[in-house]
Amino acid sequence: MDYENIDIDSVLADLNTSREGLSEEEAANRLLESGFNELEEKTKVTPLKVLLRQFANFIVWVLLAAAIISLTIDEVVNFWVIVIIIAFVVILGFVQEFKAEKAMEALKKMVQPVTHVVRGGVVIEIPTRNVVVGDIMVLETGDKIAADGFVFEIQGLKVDESAITGESMSVVKGTGDLIFSGTQIVHGKCRAIVTAVGMQSRLGMIAGMIQENEVRTPLQEKIADLAKSLAIIALIASGLTFVLGHFTGAPTEEMLIIALALAVAAVPEGLPLTMTITLAYGMHRMAKHNAIVRKMLGVETLGSTTVICTDKTGTLTKNEMTVQKIYAGDEFFDLTGVGYDPEGSLLKDGEDVEVEKNHTLGMLLKAAALCNNSSMVQRQGRWDVVGAPTEVSLIVAASKADIWKDDLDAEYEKLHEIMFTSERKLMTTIHKTNEGRIAFCKGAPEFVLEKCVSIERDDGVHELNDDDVGRIVQQNTELARSAYRVLGISYRNLPEGLPVEGSENELTFLGLVAMIDPERKEAKDAIALCRQAGIRVVMITGDNEETAKAIGKKIGLYADYDGPVDRMDDKLKCIIGDAAITGSELLSLDDEEFDSVVEGVSIYARVMPEQKLRIVQALQNRGHVVAMTGDGVNDAPALKKADIGISMGIKGTDVAKESSLMVLQDDNFETIVEAVKRGRGIYENIEKFTTYLVSRNFTEVILIMLGITLLGFDLIPLLALQILFINMFDEIMPAIALGLDPVRDEVMYEKPRKPGERILKKRNLLLVVSIALIMGLVCFFVFIFSDPVGNIERARTMTFATIVSMILFIPFVFRSLTRSAFSVGLFTNKLMLVGVASTFLLTLTVMYVPYLGNVFELVALGPAEWIVPISAAFATLFIAEAIKKILASSGI
Ligand code: ATP
């Protein structure tokens, strides 16, 4: 249907609804009929896709080649063992990756969008997928539009339609215009009647083009590259072994089998898989702690964060505002009571105040309640509030003086609103009274004062002079220094014919309202932890500088020094510590100047949201990895630019959430720090399992090379099948256990990792090579001391048993790459205990199950014969620990 040029009532009638919205039953019926308001997902993970992905792996191809070669040279048993290894790799990969994908899907669902609609005359919040044709959407700045619709009841509406048009300029909309699903409201408010949902919407028609697809993270790429390089090294090493064998007179075919087995053993099959599991599990754990990482990339970047830029209100503070002081008519009044309960009194010098006798105070409270979009209702004895805490606190304050917003709304019909925005820091409403129109304006005091020409006291209205302004500014500063958030309140009786835009001028000042927003107690510890971890915390707030500093001091973010007032001098001083600057001061600095001071600034106050982008850029220019929080539409560019954009789950807009890498479910600063800690832990675990896997993979290569060159082919320490068998079981379980190792608290005692650092950095590489060498050598010694000339089968069994016994100890070495395994605690990773024990027992079956023993040419060792392999493996643990210690103390 074409809705252009049709008036809203006929559209409502057409869609069989009214301004009261649909009834719940009708909506439910329509939902049943039309299905959910969602796009068909083309990129949905299917088991087949995940299975096929397992074969897009270089390692699997190496294994397949080995299997085919075994078959062509008639080594049937070898062939089957390799096939089983491939099946093992593919099935395990499939199961784990599928699980990880499902977990990711579940995570995405945790930040499922919601939409406000009118149903049965009441505004309610519903999941966006439940929106149906005929619903009336109630939309405001920052909302992502849930469905196509026809707008009415509009207030300064601007929509960003780039999602469907590619056009980056936002579009101004008027009554009767269409808005489209998937686009975003960047300014204003409106109601809109839904005309099309899901695949019928314009977005649905072009859906395929814009579906988001998770790309692999740099770290996953890095691991895939590493695995590939290692596989190539494995091929070269096994080729070399083959050549060595050839020159020492080994029979070509047998030597080929050994070389193949070695190639298979040295290929790090488990590496990419363990990586995915570690990242996916890490994300899952973070989500449990209220940090939803929207892209895997976030997990690894978090760990290298060097600066966290955070909002104040709601993140460092509780965003639970309570008005405690009012300054009106040159007098101070106190309000008692806590929270949003209207129980409390209005006092002056400890005595109850009658509002009727304090005209200015009464007018101020009325203005505060009327220039206000919040509401409170009593339900079963409890007060339920809706709206921004700043505004709620004002209606609660008014109610303590027995001034009720509901009564006022009936008396003062609201005609218009000039919305509050973080840029303007003002809000004005225009109302109709018997005497004419009146405007009420509230906002940041200095912004309100700028618009005032007069001041009201109980004896009447006077011209606002410099003394008055000085006094008000002074009171405002004093209140802010005590950590109060202060609003200025004013009004104007509007002359007839004055347009709406003119109503926010020539105001009469009424007074100041001071509300307390207690700091989050946990923020103090979290900030202290950041300092310890070499992470700088910076507060960026729209609030007053003094309020910001006062809160900053309480939570240990800001240490005041009574420096000179001159900001330029401060610049030099602030290198060591905490400077506070305001948005307008920031404006006066050019990029070079700003770059030179940015390291020292801990507080940015009265900031415009778009200045956040500049702050991120300046910090990034200095080489920082920046995490930045935000909630509004205007925060989106900064969130995108930051290395880790963090949006607020509670007060954040859809736009902010979509621009961020991580969503904080509880808006709490502590959660960011916890996520950084986990990010660090996860990276550390990735280093651990990578070094473990690589050193493990090359042990057999070293052993066989030693055997072939020093003893010759007949005395080769392990047979091809034995090598393959060890390889099949010994690596994956301990590697996964290392990947999921609990995060140590001490990760926050260290400095942030350098971005771009290699996993196998010099230190780790030395560790890997030396431990692989030691393991290879120890096995070789066990072999030559087990009388290989007298009983080769037993000597090989002893060597086999030594390698298998190492599984019991060596994984523990890798639980820390710097500290001793004993100080980490041997029993602190239960999964590791289960992993090593089960791997050990599984490997034993081949020795003790009679038929298998014959196939693998192993003898069943008696209990006493295990003393040598186990002691040798145990000794390896100590040698490996010693190497670790030497590397740590040499400072590499
Ligand atoms: P942040 O969350 O970034 O720490 P903030 O929430 O204090 O900061 P804004 O919401 O942008 O920042 O508010 C900036 C200033 O605007 C406040 O200090 C207050 O003086 C004023 N203000 C806040 N809310 C309103 C409102 N609803 N109406 C009028 N003025 C407001």
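Laboratory data are not the source of any read-out in this text; all were calculated from the coordinates shown. Given the structure is predicted, the values throughout are model-derived calculations rather than measurements. Cβ coordinates were reconstructed from backbone atoms using ideal geometry, including for glycine residues, and neighbour counts include every protein chain displayed.
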task: Sum up the charges of everything whose Cβ sits under 11 Å from the Cβ of M321, counting Lys and Arg as +1 and Asp and Glu as -1, but leave M321 out.
output: -1
query: Can you pull out the GluC sites (Glu not before Pro) in the range 340-428 that DSSP calls coil and that have at most 13 other Cβ atoms within 10 Å?
result: E343, E354, E423
- line: Fewest-first ordering of Y558, Y848, Y604 by Cβ atoms within 10 Å yields Y848, Y558, Y604
query: Under a Cβ-Cβ cut-off of 15 Å, what is the net charge of the residues other than W61 that fall near it, where Lys and Arg count +1 and Asp and Glu count -1?
result: +1
field: Ranked by how many other beta carbons lie within 10 Å on average, peptides 859-870, 472-483 from highest
entry: 472-483, 859-870
- prompt: Taking the chain, how much of its Cα-Cα pair set, in percent, is spaced more than 51 angstrom apart?
  reply: 35
- prompt: In whole angstrom, how far apart do the alpha carbon centroids of the range 274-316 and the range 844-892 sit?
  reply: 39
- line: In whole Å, largest first, the alpha carbons of the range 1-211 cover along the principal axes 83, 39, 28
task: Considering the convex hull of the alpha carbon atoms of the range 322-514, report its projected area averaged over all viewing directions, in nm², one decimal.
output: 10.8
message: Once you keep just the Cα pairs under 8 angstrom separated by 6 or more residues, what percentage relative contact order results for the chain?
response: 11
- request: Taking the chain as the reference, fit the longest principal axis to its C-alpha atoms, fit the long axis of helix 252-266 to the helix C-alpha atoms, and give the angle between the two in degrees, 0 to 90, nearest 10.
  value: 20
- request: Could you go through the range 790-800 in sequence order and give the Karplus-derived ³J(HN,Hα) for each residue, using 6.51 cos²θ - 1.76 cosθ + 1.60 with θ = phi - 60°, rounded to whole Hz, and x for Gly and Pro?
  value: x, 8, 5, 5, 5, 4, 5, 4, 4, 5, 4
- prompt: Could you give the angle, 0 to 90 degrees to the nearest 10, between helix 762-784's Cα long axis and the longest principal axis of the Cα atoms of the chain?
  reply: 30
task: Kindly flag which residue pairs out of K173/K641; K158/K425; K688/K830 have an alpha-carbon separation exceeding 21 Å in this structure.
output: K173/K641
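Let me know the volume per residue of the alpha-carbon convex hull for the range 610-708, in Å³. If you can, show how the numbers build up before the last one.
Working: hull volume 12.4 nm³, N = 99.
About 125 Å³ per residue, rounded to a whole number.
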task: Would you please give the FRET efficiency between N493 and K99, computed as 1/(1 + (r/R0)^6) with r the Cβ-Cβ distance and R0 = 56 Å, to the nearest 0.05?
output: 0.25
- prompt: From the backbone phi of the range 823-840, what are the Karplus-calculated ³J(HN,Hα) couplings (6.51 cos²θ - 1.76 cosθ + 1.60, θ = phi - 60°) in whole Hz, Gly and Pro given as x?
  reply: 6, 5, x, 6, 10, 8, 10, 4, 4, 5, 4, 5, x, 5, 5, 5, 4, 4
statement: Pseudo-spin-label distance I236 to L852, built 7 Å along Cα→Cβ, given in nm, is 3.6
- line: Cross-link reach from K318 to aspartates and glutamates, straight Cα distance under 14 Å and at least 8 residues apart if same chain, gives D517, E519, E522, D666, D667, E670
message: Taking every alpha carbon pair in the range 606-654, what does the distance histogram look like in 5 angstrom bins from 0, in percent?
response: 5, 26, 31, 23, 11, 4, 1
- prompt: Each label point is 7 Å from the Cα along the Cα-to-Cβ direction; what then is the distance between the points at F781 and E501, in nm?
  reply: 8.9
- prompt: So what's the back-of-envelope 222 nm ellipticity for the chain, counting only DSSP H runs of four-plus at -39500 (n - 2.57) apiece and dividing by all residues, rounded to 500?
  reply: -15500 deg cm²/dmol
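What's the FRET efficiency of V338 with I124 using the Cβ-Cβ distance as r and R₀ = 25 Å, to the nearest 0.05?
Calculated transfer efficiency: 0.30.
Given 0.36 nm per residue, what is the gain on full extension from F247 to L841 after removing their alpha carbon distance, in nm? The partial results should precede the final answer.
Working: separation 594, 0.36 × 594 = 213.84 nm, distance 3.82 nm.
Length gained between F247 and L841: 210.0 nm.
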- line: Amide H neighbours of L494 at under 5 Å, excluding residues fewer than 5 places away on the same chain, with H built from the backbone geometry, are R437, I438, A439
- line: Evaluated at 4 °C and 1.567 mPa s, the Stokes-Einstein D of the range 390-482 based on the Kirkwood radius over Cα pairs, in µm²/s, stands at 85
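Which of R622, R119 comes first, and how do the rest follow, when ranked by fewest Cβ neighbours within 10 Å?
R622, R119
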message: Can you give the FRET efficiency to the nearest 0.05 for W866 and K295, using r as the Cβ-Cβ distance and R₀ = 60 Å?
response: 0.75
- prompt: In nm², what is the average projected area of the convex hull enclosing the Cα atoms of the range 83-156?
  reply: 7.6
- request: Pop a pseudo-label 7 angstrom from the Cα along the beta-carbon direction at both W404 and E746 and give the gap in nm to one decimal.
  value: 6.3
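Give me V789, V849 sorted ascending by neighbouring Cβ count inside 10 Å, so fewest comes first.
Final ranking by Cβ density, sparse to dense: V789, V849.
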query: By per-residue mean of other Cβ atoms within 10 Å, what is the highest-first order of 802-809, 672-679, 373-380?
result: 672-679, 802-809, 373-380
task: Note the angle between two axes, namely the Cα long axis of helix 359-370 and the longest principal axis of the Cα atoms of the chain, as a number of degrees from 0 to 90, rounded to the nearest 10.
output: 50
